[in-house]
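Trainee: Dropping a structure here in C-alpha cells format, bear with me for questions.
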Amino acid sequence: MSAEVRTTLDPRRPRWILYTLLGLFGLLYAYAVWNAIAYTIPLAGLAIGATTWVALILAIILPVVVYVLAIAITRRRGLGTVALVLFAGLGVVAVFWLDVVGYTLSGAH
C-alpha cells in the first residue's frame, strides 16, 4: 500500500451514514435558524436601529450559509472530517448568536 492520502469516500461504506450525519447536523443548524427567527419577531415592533436589523438578519442567514459551506468544503472527505467541520461551523454560529443576543440586550440599539 502506498502512503498517499485518500480524499474520496470509501465505496464500501454505506452512504446512509453520511446522510444521517448531515441530517442530524442539519437539524441543529435549522434550530439555530428557528431560534433567530423566534428572537426577531418580538423585536420587529420596537424602534430598533439599522445595525440591529442587520445583525438579526445575519443571525437568520448565517446558519444556512455555514451549513452549505461546510458541506461544500468536505464534499469528498471522510466522516470524521465532515463531522468535525460541521461541529466547528455550529460553534461559529453559536458564537455569532451570543454576540447578537448580547448586542440587542445591551441597549446598543
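Throughout, read-outs are computed from the coordinates displayed, never taken from laboratory work. What you are looking at is a predicted structure, and each value in this text was computed from that prediction instead of being measured. Every residue, glycine as well, gets a Cβ built from its backbone with ideal geometry; the counts of neighbours run over all protein chains shown.
Trainee: Can you tell me the length gained on complete extension of the stretch Leu84 to Thr20, counting 0.36 nm per residue apart and subtracting the Cα distance?
Mentor: Between Leu84 and Thr20, full extension yields 21.6 nm more.
Trainee: Right, next: Using 1/(1 + (r/R0)^6) with R0 = 22 angstrom and r between the beta carbons of Trp53 and Leu98, what's the FRET efficiency to the nearest 0.05?
Mentor: 0.75
Trainee: Let me ask something else about it. As I understand it, the value is the acute angle between the Cα axis of helix 79-105 and the longest principal axis of the Cα atoms of the chain; what does it come to in degrees, rounded to 10?
Mentor: Around 10 degrees separate the two axes.
Trainee: Starting from the Cα of Leu28, move 7 Å in the Cα-to-Cβ direction to define the label point; list residues of segment 77-106 whose amide nitrogen is under 11 Å from there.
Mentor: What the label zone holds, given the 11 Å backbone N cut-off, is 83-94.
Trainee: Using a 7 Å offset from Cα along Cα-Cβ at Arg77, what residues in segment 17-53 end up with backbone N under 14 Å from the label point?
Mentor: Counting only backbone N, you get 22.
Trainee: Right, here's the next one. Kindly provide the helix-only [θ] at 222 nm of the chain, computed as the sum of -39,500 (n - 2.57) over DSSP H runs of four or more divided by all residues, to the nearest 500 deg cm²/dmol?
Mentor: -26000 deg cm²/dmol
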